[in-house]
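Read through the structure below, which is laid out as structure tokens, and then see the notes.
The values are calculated or read from the model by the stated rules, or taken from the named source; none is laboratory data. Predicted model, so just to flag it, every value in this text is computed and none were measured. When we count neighbours, we look across all protein chains shown, and the Cβ atoms used for this are built from the backbone with ideal geometry, even at glycine. Ligands, DNA and RNA are excluded from the accessible area calculation, which covers all protein heavy atoms including side chains. Shrake-Rupley method; radii C 1.70, N 1.55, O 1.52, S 1.80 Å.
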Amino acid sequence: MDIELIDPIMLAIPVFVVLVIAELIYARATGRAQFEPKDSATSLIMGLGNTVSGVLFGAVTLLWFTYIDQFGVFEIGYTWWAWIICFVADDFFYYWSHRWAHTVRWFWADHVTHHSSQHYNLTTALRQPWFSIFTLKFMWLGSILILIGFPPAMVAFVGGLNLIYQFWIHTEAIQKMPRWFEAVMNTPSHHRVHHATNPRYLDRNYAGVFIIWDKMFGSFQEELDADKCRYGIVKNLGTYNPFIVSIHEWWGIARDVAGAKSAKDALGYWLGPPGWSPDGSRMTSTRIKALWAEQQAELPQDDVKTTAPAE
Amino acid sequence: MLVTLLILAGSAIAITLLVVLNTKLGGWTPARIESLEMAMATLQDDHLGFVPGDGVLSTDGLAALVMTNTDDAVGLVAARGAGFVTRLIRPSDKFRSLEATDAGTLTLALKDDTMKPVVLTFDTAQEASDWAARVNKRGAEHGY
């Protein structure tokens, strides 16, 4: 059966706009969230650019998915259980894709744009890359579910639902959800940790919808009252220009690879972790965390930040 | 095609209105570096292991330079919107320009496409010139 499904993200856009307005008003009234006009503009323009990029490059992805559909191992139809399995499986693959987006510079070059704001509000959710096509992830990671046998339209639809879920968690307006919800689902608190550059929080909480993946694969970190999130990236950007935000890390890779002294170094600059350099003069997240752990170990016990979770 | 263009136009209008609303509502405070200690703490937060030496705060509170005693780096803090952007300028880093003026300003432009030139203001032209020389010296020793 070949059916055509609507794009859930297009339907969700008006809801996104209403929620951004609501959060803006809430921020002004309570001071519990912050919006900065230039930063908001950059995020929103990048969201629009991402949509345009999706239209321009979407045909390539569509052609690829249509082509590989014939190689599906099983023939899974549009049954109710297939939707559920597809949604959960898509979230599982999202977790790994997202984890690699933080640990492989080639993918980070694309994803860094989403983390480049020093604010954390609903517009940050819309700050999305323009050149995702360069990662070619759709050709392998995005193809797994289709090769298993899920219909491409179903895969695209649940992928859209996953992204819609992730919109509302980009907020400081909600502190904690009920305990059972925090245990299973990705929440604003969990995702604030993900967007924070505090060494303790770096490269944690990669989940899309279900936080259980982080708990299963050792990347979970609770938000702590004593360690208030500082948002952005390790080397924050001094520009609001959406084009520079989009391309700066791609450009950085190109420059580093061009100046590499050997093929091994070039490969490291391209596929190594962000911050990798042959002489170790730059800092990867792993090194930052290790250095921070050393510093914590040397501190008097009273000065060590507590591990009590945020309320 | 027409529908796509209409959606794009509608989105552009929505973005404009949201930013106008954001501007009207306010709710954010432009960042200022209140003291040299604050600049040092910001650098220490952003660059683990940074040990501050002496430094200087721009008279407008929008930027600061902090030397480090442990290596050849110079810490730069610049206010940007509601937050701060920091850079550790190492001898291997390049400047586009480093210029002190008679008006007591020091303009520091890094070869960093993600960072606009930073202007520090000083009480005197001599002070601006001295700091330019200090930053210049650290780089010049290493041939930037």
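What does the buried accessible surface come to for A and B, summed over both chains, with the probe at 1.4 Å? Round to 100 Å².
When A and B are taken together, about 3000 Å² of accessible area is lost.
Evaluate the Debye formula for segment A:1-79 with equal point scatterers sitting on the alpha carbons, no solvent, and hand back log10 of I(q)/I(0) at q = 0.13, 0.20 Å⁻¹, in q order, two decimals.
So the normalised log intensities are -0.66, -1.02.
Pull out a ≥ b ≥ c, the square roots of the eigenvalues of the alpha-carbon gyration tensor of the protein assembly as shown, then state rounded if a/c is under 1.5, prolate if not and a/b is larger than b/c, and oblate in the remaining case. Could the numbers behind the result be given before it?
On the way: a/c = 1.71, a/b = 1.65, b/c = 1.04.
Since a/c reaches 1.5 and a/b is larger than b/c, the shape of the protein assembly as shown is classed as prolate.
Would you calculate, for the protein assembly as shown, the mean residue ellipticity at 222 nm contributed by helices, counting each DSSP H stretch of 4 or more residues as -39,500 (n - 2.57) and dividing by all residues, to the nearest 500?
-16000 deg cm²/dmol
At 0.36 nm per residue, and after removing the present C-alpha to C-alpha distance, how many nm does the segment from residue A:60 to residue A:38 gain when stretched out fully? Numbers along the way, then the final one.
Values: separation 22, 0.36 × 22 = 7.92 nm, distance 3.30 nm.
Between residue A:60 and residue A:38, full extension yields an extra 4.6 nm.
To the nearest 10 square angstrom, how much accessible area does residue A:67 have with a 1.4 angstrom probe?
The accessible area comes out at roughly 120 Å².
Please calculate how many Å² of accessible area segment A:1-90 carries per residue, with a 1.4 Å probe and no DNA, RNA or ligand atoms counted.
61 Å²
Which residue, A:196, A:157, A:104, has the largest displacement toward the positive end of the dipole of segment A:8-216 when charges sit on each Cβ (Lys, Arg +1; Asp, Glu -1)?
Checked the options; the winner is A:196.
Please label the shape of segment A:50-102 as rounded, prolate or oblate, based on the square roots a ≥ b ≥ c of the eigenvalues of the alpha-carbon gyration tensor (a/c under 1.5 means rounded; beyond that, a/b larger than b/c means prolate, else oblate).
Details: a/c = 1.91, a/b = 1.19, b/c = 1.60.
It is oblate, given that a/c is not under 1.5 and a/b is not larger than b/c.
Quick one: 3J(HN,Hα) in Hz for segment A:126-139, Karplus 6.51/-1.76/1.60 with θ = phi - 60°, rounded, Gly and Pro as x.
For segment A:126-139, the Karplus-derived couplings read 8, 6, 10, x, 9, 10, 4, 4, 5, 6, 6, 5, 4, 6 Hz, x marking Gly and Pro.
Report, to one decimal in Å, the Kirkwood hydrodynamic radius for segment A:138-249 based on all distinct Cα pairs. Intermediate values should be presented prior to the final figure.
On the way: mean 1/r = 0.0624 Å⁻¹.
Mean inverse Cα-Cα distance, inverted, gives 16.0 Å.
Of A:176/A:215; A:176/A:228; A:38/A:235; B:94/B:116; A:235/B:24, which sit over 21 Å apart, Cα to Cα? It would help to have the intermediate numbers written out before the result.
On the way: A:176/A:215 18 Å; A:176/A:228 14 Å; A:38/A:235 19 Å; B:94/B:116 14 Å; A:235/B:24 30 Å.
Beyond 21 Å: A:235/B:24.
If B:7, A:6 are ordered by their accessible area, calculated over protein heavy atoms with a 1.4 Å probe, which sequence runs from highest to lowest?
Greatest to least solvent exposure: A:6, B:7.
Just the number, please: Stokes-Einstein D of segment A:8-216 in µm²/s, Kirkwood Rh from C-alpha pairs, 20 °C, 1.002 mPa s.
119 µm²/s
Between the chain alone and the structure with every protein chain in place, find the residues of segment B:108-129 that drop at least 30 Å² of accessible area; heavy atoms, 1.4 Å probe.
So the qualifying set is B:113, B:114, B:116.
Could you give the spread of the C-alpha atoms of segment A:42-153 along their three principal axes, from largest to smallest, in whole angstroms?
On the principal axes, segment A:42-153 reaches 45, 26, 25 Å in Cα extent.
Can you work out D for chain B in µm² s⁻¹ from Stokes-Einstein, where Rh is the Kirkwood radius over C-alpha pairs, the temperature is 20 °C and the viscosity is 1.002 mPa s? Don't skip to the answer; put the middle values down first.
On the way: Rh = 17.0 Å.
For the chosen part, D equals 126 µm²/s.
Please state the charge dipole magnitude for the protein assembly as shown, taken about the Cα centre, from unit charges on C-beta atoms (+1 on K and R, -1 on D and E), reported in debye and rounded to the nearest 20.
So the magnitude is around 420 debye.
Taking all protein chains as present, what is the carbon and sulfur share of the accessible area of the protein assembly as shown, in % to the nearest whole number, probe 1.4 Å?
64 percent
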